[in-house]
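A short write-up of the structure that comes next.
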Amino acid sequence: MRRRGIPEGVSRRRGGAFLAALLAVTALGWPVQAWAVRRQRTVFLSQPSDWAPQVDEDHKPPSLAFQPAWTWSGFKSPLAGDPLACAGSIVAASRDGEIAALEPIKGEARWVAALTEPVILGPASDGTRLFVATSRSRLHALNGSDGAPLWTAELPAAPVVAPRVLGSRVLIGTADGSLLSIEKDSGRVAATRLLPGRASTPAEPAPGAVLIGTDHGSVLALEESGLEVRFRRDIGVPITSPPVFDHARVWFAAADRTVRCLRFRSGRERWVARTGAMCTARPVVLGPYLYVLCYDNDIYVFGKRNGHQLTRVRLGHRLDADAVVAQDHLFVVPFTEASVVGLTLPGLQKVGRFDLQAPGEWFTTAPLWLADRVALGYGRSEGRILSLVVSKQVAQPKAPGANTPDAKAPVPAPPPAADGASPRP
């Protein structure tokens, strides 16, 4: 049936034009991000068969041997934060305000200083100076060579994240929601930015900018000099891992058990992937891969450009501390396991492990690589620093013809696994 006075063909053309216009308006009104963001449906996917870099029976990576070098037990209270390298020493702080600089080869104390103020967060360093924030809302600067005090800056509130040295400034977030940029030479507050919530991650570097996450679910890129906002991305849940920059992208983890990728220039979300639990360790970007240490005992490996999950490696205990990359290996410290584990890169084969074998104790710090050694801090009631010499043990080559069908020699028993467990048949 056609309308009175309107030819049938004209009526159909008008109806088609109206439908096309309606679809165009609907498409324009749909949020652009819903089309642009790549979202992962589940983490419980079968692993792709092509994820086996540098792995075959004839070219196994050399195993790692950990040999204790020394242990320093000079602190009377647990450690505050992670040890770090400063002026050629391993420097650590205890919660009662003591700071010690240790010679990395022999473990002897080069100097010990006392702040007489509680320290709840780890120190920071620019290589020659040390910066320590205390619970009494002060930031202290010390000379890294002898521990002599340089200056003290008053903070508007207690610190909530560890300080970070970026260029000529020390960045630190406080409990009142402020981010302060302090000149490292003089202690003068050069800039202040009120954040949308309190800082939940230490400041991270990016080209000409500072990256930081908050407990209100915002990731911000701020201008390095004046802390003006370059972009702000709100996701609605707390940011749990430091945001990491690499090649015009930013990666971070959030409390909704997601890992996210943003464009650095605009803050636009590129992809979202899920993990089995929360992640607090700093993500590791290496080549085309993104390594994420997770509370569900796993290390997730994603393609950094598209968020595709490539594999998961289980270590048996929660992973909450930062990892360290050294000599083509990833060193991790599982929580409460009192051990350090070495894995190859990029494939993450377990090639070494050291157990503390001290009941009731556990490592409390991330590993530190210095002078071809791994140093770690541990202790429930007293802070200790342990140094381990790391060496490679190359497997003996097989005898000629061992892999041929005509070989008469008996097949040798498989060596024990890197973690000391009996191998599976």
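Points worth noting:
- Working from Cα pairs under 8 Å separated by at least six residues, relative contact order for the stretch 231-270 is 34 percent.
- Cα centre as origin, Lys/Arg/Asp/Glu Cβ charges: the stretch 185-247 dipole, Debye: 180
- Mean accessible surface per residue for the stretch 58-201, computed with a 1.4 Å probe while every protein chain stays in place, in Å²: 40
- Within straight-line cross-link reach of LYS392, aspartates and glutamates at Cα separation under 15 Å, skipping those fewer than 8 residues along the same chain: ASP328, ASP372
- From phi via Karplus (6.51, -1.76, 1.60), per-residue ³J(HN,Hα) for the stretch 192-203 in Hz, x at Gly/Pro: 9, 10, 7, 8, x, x, 7, 4, 10, 9, x, 5
- With K and R counted +1 and D and E -1, the other residues having a Cβ less than 12 Å from that of SER125 yield a net charge of +1.
- By accessible area with a 1.4 Å probe, ligands and nucleic acids excluded, highest first: order of GLU183, GLU154: GLU154, GLU183
- The phi-based Karplus calculation (6.51 cos²θ - 1.76 cosθ + 1.60; θ = phi - 60°) puts the 3J(HN,Hα) values of the stretch 315-332 at 10, x, 9, 4, 10, 10, 9, 4, 8, 10, 9, 7, 6, 6, 10, 10, 9, 10 Hz, whole numbers, x for Gly and Pro.
- Amide H partners (placed H, <5 Å) of VAL161, local residues excluded: GLY173
- The stretch 309-376 versus the stretch 168-232: alpha-carbon centroid distance in Å: 30
- Here the Karplus curve 6.51 cos²θ - 1.76 cosθ + 1.60, taken at θ = phi - 60°, turns the phi angles of the stretch 333-345 into couplings of 10, x, 5, 6, 8, 6, 8, 10, 10, x, 10, 6, 10 Hz, with x standing for Gly and Pro.
- Amide proton proximity set for TRP271, modelled H, under 5 Å, gap of 5+: ARG38, CYS261
- Close amide H contacts of ALA338 (hydrogens built in the peptide plane, cut-off under 5 Å, sequence separation of 5 or more or a different chain): PHE363.
- Heavy-atom surface analysis with a 1.4 Å probe gives the stretch 128-193 a carbon and sulfur content of 45 percent of its accessible area.
- The stretch 235-363, accessible area per residue, ligands and nucleic acids excluded (1.4 Å, Å²): 35
- Loop-located trypsin sites (Lys or Arg not before Pro) in the stretch 342-394 (DSSP state other than H, G, I, E, B) with a sparse environment of at most 13 neighbouring Cβ atoms within 10 Å: ARG380.
- Ranked packing of 213-222, 314-323, most packed first, by mean Cβ within 10 Å: 213-222, 314-323
- Of all accessible heavy-atom area on the stretch 272-371, the percent that carbon and sulfur account for (1.4 Å): 51
- Sparse-neighbourhood loop sites, trypsin sites (Lys or Arg not before Pro) in the stretch 116-160 - DSSP loop, at most 16 other Cβ within 10 angstrom: ARG136
The values are calculated or read from the model by the stated rules, or taken from the named source; none is laboratory data. What you see is a predicted model; the values in this text were computed from it and never measured. As a convention, Cβ positions derive from the backbone with ideal geometry for all residues, glycine included, and neighbour counts pool all protein chains shown. Accessible surface areas use protein heavy atoms only, side chains included; no ligands, DNA or RNA. Shrake-Rupley method; radii C 1.70, N 1.55, O 1.52, S 1.80 Å.
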